[in-house]
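Shown next, in structure tokens, is the structure this report addresses.
The values are calculated or read from the model by the stated rules, or taken from the named source; none is laboratory data. Note that the coordinates shown come from a computational prediction; the quantities given were computed from them, not determined experimentally. Using ideal geometry, Cβ is built from the backbone for each residue, glycine included, and neighbour counts are taken over all protein chains shown. Side chains are part of the model used for accessible areas, which takes the heavy atoms of the whole protein and leaves out ligands, DNA and RNA. Shrake-Rupley method; radii C 1.70, N 1.55, O 1.52, S 1.80 Å.
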Amino acid sequence: MAIPTLNLVCKSNLHLRPLPFQCLRKVVPRSVPSVEPEESNRDSNRKQVNKKAPAWKKFNSKELGFRNSMITSPIKKVLNALKKKGYNVYLVGGCVRDLILMQTPKDFDIITSADLKEVMRTFSWCEIVGKRFPICHVHIDGIIVEVSSFYTATRGKPGRHFAHDIEAPKGCDKEDYLRWRNCLNRDFTINGFMFDPFAKIVYDYVGGMEDIIKAKVRTIAPAATSFQEDCARILRAIRITARLGFSISSETARSIKNLSYSVLRLDKGRLLMEMNYMLAYGSGEASLRLLWKLGLLDILLPFQALYFVRHGFRRRDKRTNMLLSFFFNLDKLLAPNRPCHSCLWVGILALHKSLSDEPRNPLVIAAFSLAVHNGGNLSEAVDIARRINKPHDIRFPELSDPYDLKAKALENEVLDLAESVKVSLLQMTSRRSVARAMTDYPQAPHSDIVFIPLGMYLKALSIFDCLKESGGKKFSSKKGRKIDYKSLARGDLLETRHLFARIVFDTVYPQSLGQS
């Protein structure tokens, strides 16, 4: 439902330039992301010297193809309330990029000309959070809407990266100047948009539209400066590139590689959050590939980096392996607005580590996945597994040659695999285990980082706790194949086990093999 008050039209003197909109429909390939070829330092320096400030551009949102009806109701309520009080109010950042690309934004960020105290007075349930960069959390309709103010966002040295070499065009008004200075402080050009939903105008001061058309991720400030100021931008660059299927500019990629180790300055909670954004929102496979190509996998997921090395997976490899296949099958079921709980991908990593350490009979893995799905009913899982007559994927070294097992022997091997997965989970939360594993990987940077907290370890462990010796207990399993995404995001056990089992079984026994 559109907002009744958002009926203003663009003034005719804005001179909106038409855009080749056909291009915008082609730049979201969801394929494996890429990194632009390296360029010499001399070429890079020459580009830096000759680089000119992007021209300021304004676009009509209708001509771009999106409508205000794409904005969720709680966001509209916040926008309307501030506008009715006479303040300028905009959507800003990645949500505008997603609207331009006709994708569902993960969330919406708002910036306004009101100060934060006035925002507090406007809404009945609102709080100011953050000390260095304070923002308002507006609680409305069961969600939290983040609202920032131009005046707190420009404290300190606004646009400090560019103050020495870029000046605002002569004759620009105060509102353009405020928007421009705010955009200069953002991370990537494709996140540097502002959208006025009342005038239906998208403002682009940093060349974001050009980079959307080119399908390129590029920092607004020089990449090294940008990442040194906020090393979390390194992980955001990978996440955005993976999700959109874009390429990373050569300057940005080179700075990520050079400064990759700086992400260890982030606290563990932030690392977990960024990794969850990469792996739980439908772009896990692409994220793992980029983390490997850019040298971050060695630091953040050392067991998985060791696996890539052991199996000869090169930085530019386009082939697949079992780890990537697990996440490929996970990605098929998720989306930015349909994430899973992080315990699911943690459980997938633990299972894969166990299989990498000790390859297993495909039937054992099949029975294991079926038992997880039905809540631990081993006899039922074993009975179904022994009747499988379709071929397994023979590409994976994690699968040993199949051999026939009697029911009791198969049940025992499933229990043994379950214990192995639990050990892998424990190792993934132990700095000593990580450090010991890295001795087998001398070319990796020294990293024994562990960002999976105890609560997450226990949550992932509960996925497999049902796999115990049968003792007459009652079993529970999910009915039907339809996914309840709200339950999945909360980490509901039935939903998580259901999806885990589907991913594992479909990886070992792909449907395409059974159809040939």
I need the full set of residues from the stretch 83-94 which are under 15 Å from Ala199 (Cα atoms) and not hydroxyl-bearing (Ser, Thr, Tyr), in order please. Lys83, Lys84, Gly86, Asn88, Val89, Leu91, Val92
Has the stretch 243-260 got any residue that is modelled with pLDDT of 95 or more, closer than 18 Å to Phe451 by Cα, of a type outside the set (A, V, I, L, M, F, W, C) and open to solvent by 10 Å² or more (accessible area, probe 1.4 Å)? no
Could you check, for the stretch 292-305, whether at least one of its residues is open to solvent by 10 Å² or more (accessible area, probe 1.4 Å) and closer than 23 Å to Arg481 by Cα? no
Do we have Asp115 as out of contact with any Phe, Trp or Tyr (no Cβ under 6 Å at 6 or more places or on another chain), acidic (Asp, Glu) and open to solvent by 10 Å² or more (accessible area, probe 1.4 Å) here? no
Filter result for the condition that a residue is out of contact with any helix residue (DSSP H, G or I) (no Cβ under 8 Å at 6 or more places or on another chain) and either among the polar types (S, T, N, Q) or open to solvent by less than 20 Å² (accessible area, probe 1.4 Å) (or both), over Thr219, Thr225: Thr225
Of all residues in the stretch 359-376, which are modelled with pLDDT of 95 or more and part of a loop (DSSP other than H, G, I, E, B)? Pro359, Asn361
How many of the residues in the stretch 433-470 are over 19 Å from Leu266 (Cα atoms), assigned to a loop (DSSP other than H, G, I, E, B), at pLDDT 85 or above and open to solvent by 30 Å² or more (accessible area, probe 1.4 Å)? 1
Looking at the stretch 308-315, is at least one residue in a helix (DSSP H, G or I), of a type in the set (Phe, Trp, Tyr), open to solvent by less than 10 Å² (accessible area, probe 1.4 Å) and at pLDDT 95 or above? no
Residue identified as in contact (Cβ under 8 Å) with a residue 40 or more places away in the chain, assigned to a loop (DSSP other than H, G, I, E, B) and under 22 Å from the mean Cα position of the chain (by Cα) among Arg243, Arg239, Arg186, Arg233: Arg186
With the condition kept exactly as written, say whether any residue in the stretch 339-362 is closer than 28 Å to Asp492 by Cα, surrounded by fewer than 23 Cβ atoms within 10 Å (Cβ to Cβ) and over 33 Å from the mean Cα position of the chain (by Cα). no
Could you tell me which of the residues Ser287, Ser356, Ser325 is assigned to a helix (DSSP H, G or I), within 28 Å of Tyr509 (Cβ to Cβ), touching a Ser or Thr at 6+ places or on another chain (Cβ under 6 Å) and in contact (Cβ under 8 Å) with a residue 24 or more places away in the chain? Ser325
I'd like to verify a number: residues in the stretch 206-230 that are of a type in the set (A, V, I, L, M) and in a helix (DSSP H, G or I), how many? 5
Suppose we filter the stretch 87-123 for residues that are in a helix (DSSP H, G or I) and of a type in the set (Ser, Thr, Tyr); how many remain? 1
Can you name every residue in the stretch 384-410 that is part of a helix (DSSP H, G or I) and either surrounded by fewer than 17 Cβ atoms within 10 Å (Cβ to Cβ) or touching a residue at least 40 places away in the same chain (Cβ under 8 Å) (or both)? Ile384, Ala407, Lys408, Ala409, Leu410
Within the stretch 86-111, which residues are basic (Lys, Arg) and at pLDDT 95 or above? Arg97
Among Ser44, Ser31, which is part of a loop (DSSP other than H, G, I, E, B), among the small types (Gly, Ala, Ser) and at pLDDT below 55? Ser31
Find the residue count for the stretch 475-488, including only residues that are surrounded by fewer than 18 Cβ atoms within 10 Å (Cβ to Cβ) and assigned to a helix (DSSP H, G or I). 3
Among all residue pairs at least 6 apart or on different chains, which show Cβ distances below 6 Å where the first residue, located in the stretch 109-122, is touching a residue at least 12 places away in the same chain (Cβ under 8 Å) and among the hydrophobic types (A, V, I, L, M, F, W, C) and the second is assigned to a loop (DSSP other than H, G, I, E, B) and open to solvent by 30 Å² or more (accessible area, probe 1.4 Å)? Ala114/Tyr87
